[in-house]
1. Considering the range 45-78 alone, what residues qualify as being open to solvent by less than 10 Å² (accessible area, probe 1.4 Å) and acidic (Asp, Glu)?
2. For Cys108, are the conditions met, namely being modelled with pLDDT under 85 and surrounded by 14 or more Cβ atoms within 10 Å (Cβ to Cβ)?
3. Just the residues that are farther than 13 Å from Thr186 by Cα, open to solvent by less than 20 Å² (accessible area, probe 1.4 Å) and either of a type in the set (A, V, I, L, M) or part of a loop (DSSP other than H, G, I, E, B) (or both), please, taken from the range 203-231.
4. Looking at Asp171, Asp166, Asp161, can you tell me which residue is within 24 Å of Val133 (Cβ to Cβ) and out of contact with any Cys (no Cβ under 8 Å at 6 or more places or on another chain)?
5. Does any residue in the range 179-205 that is more than 23 Å from Thr238 (Cα to Cα) and touching a residue at least 24 places away in the same chain (Cβ under 8 Å) come within less than 8 Å, Cβ to Cβ, of a residue that is basic (Lys, Arg) and in a loop (DSSP other than H, G, I, E, B) six or more places away or on a different chain, and which pairs are these?
6. Would you call Ala188 in a loop (DSSP other than H, G, I, E, B), under 14 Å from Val164 (Cβ atoms) and not polar (S, T, N, Q)?
7. Yes or no: the range 162-180 includes at least one residue that is under 13 Å from the mean Cα position of the chain (by Cα) and in a strand (DSSP E or B).
8. Please determine, by comparing only the residues of the range 61-87 that are assigned to a strand (DSSP E or B) and in contact with a Phe, Trp or Tyr (Cβ under 8 Å, 6 or more places away or on another chain), which one is modelled with the lowest pLDDT.
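The values are calculated or read from the model by the stated rules, or taken from the named source; none is laboratory data. Predicted model only: the values in this text are computed from it and were never measured. Here the Cβ is made from the backbone with ideal geometry for all residues, glycine too, and neighbour counts use every protein chain on show. Calculation scope for accessible area: heavy atoms of the full protein, side chains included, ligands and nucleic acids excluded. Shrake-Rupley method; radii C 1.70, N 1.55, O 1.52, S 1.80 Å.
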Amino acid sequence: MATFFGEVLSVYSRAVEEDDDELDENEEDEQIRRELEEKREVHLHWSPEVSESLKSGNKLQCSDFVLAVGQNASSFLSVHILSTANWDTIGRVSAWNERSRAVTGQSCEESACVFYRHKNNPTVLICQVSCYVAEDQLFQWTEKVFDCLQHRELNVTVLSDTSVADYKTADYLGGSSAPFLRSLHTSAFGDQPVCQSLEQPNIVTGLAAAVLNHCQVHRIAAVVYQCYSDVIGPDSVTMETYKPVLTKLGRSIQLDPSPSTDALRKFVRTTDLQSNLYI
């Protein structure tokens with residue numbers, strides 16, 4: 001190739017070098033994707049006794065599985081159920097994501113997703129989930145947890161928190177209406193829910209929806225009780241809304257109707273009201 005001044009330059013193709021660069025970038029992107037997938041993987045950590053049983057091919061014998069999703073639902077179980085000291089911690093779930101606060105190596109007591117088993121009735125299990133489970137982790141979480149449980153005669157009850165702002169209705173909702181419960185259940189659920197069904201076009205989302213969908217596919221009796229509240233964070237009034245649900249499960253779970261003030265203070269936070277005026 002000749003330049004304007006008559007200088008002859010060698011001609012070469014950059015196609016091979018560009019392809020090599022693209023190949024390196026693709027391999028690097030693939031490596032990053034694999035590392036991110038591994039980091040976001042859901043991990044179950046069981047107690048030594050449960051781990052040995054599962055490794056032997058056994059499933060956790062379970063008649064009632066109560067899952068609490070959200071701060072109020074989880075706090076309700078802590079205050080009214082777990083405070084009776086009839087429960088053993090048997091495992092936890094760790095799932096890292098952008099909104100998760102889980103710390104690698106933390107104990108079961110510190111984890112935001114913990115499993116408990118009733119001491120006198122080992123077929124009754126409780127799981128508290130106060131952390132965020134990302135959309136791409138929902139299927140993984142549900143599959144791994146339910147793969148450890150026997151499905152025969154299993155009854156699943158899900159307590160779930162959500163904002164009343166997400167509730168769609170043609171009628172005006174006054175301030176005195178919240179908090180309130182709505183239910184949604186699988187076709188295998190043969191009992192009578194303690195509240196009315198969730199009206200269309202309202203939907204259940206997140207972990208509660210993933211669990212309900214899994215139970216519907218596998219013909220497991222399950223019901224979701226979704227609490228609509230106008231309060232952000234743990235609130236004693238919102239917690240009380242779940243009482244009828246656990247009262248119905250009284251045959252297998254002992255409910256503490258009047259928890260101590262100290263027990264409530266551990267979970268209910270009060271903050272000073274802030275003025276919206278500039279000073």
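1. None - no residue of the range 45-78 is open to solvent by less than 10 Å² (accessible area, probe 1.4 Å) and acidic (Asp, Glu), so the list stays empty.
2. Judged against the criteria, Cys108 is a match.
3. Within the range 203-231, just Leu207 meets the criteria.
4. Asp166
5. Correct list of pairs: Thr186/Arg219; Ser187/Arg219; Ala188/Arg219; Pro201/Lys168.
6. It is false that Ala188 is in a loop (DSSP other than H, G, I, E, B), under 14 Å from Val164 (Cβ atoms) and not polar (S, T, N, Q).
7. Scanning the range 162-180, I find at least one residue that is under 13 Å from the mean Cα position of the chain (by Cα) and in a strand (DSSP E or B), so the answer is yes.
8. Going through the qualifying residues, I end up with Trp87.
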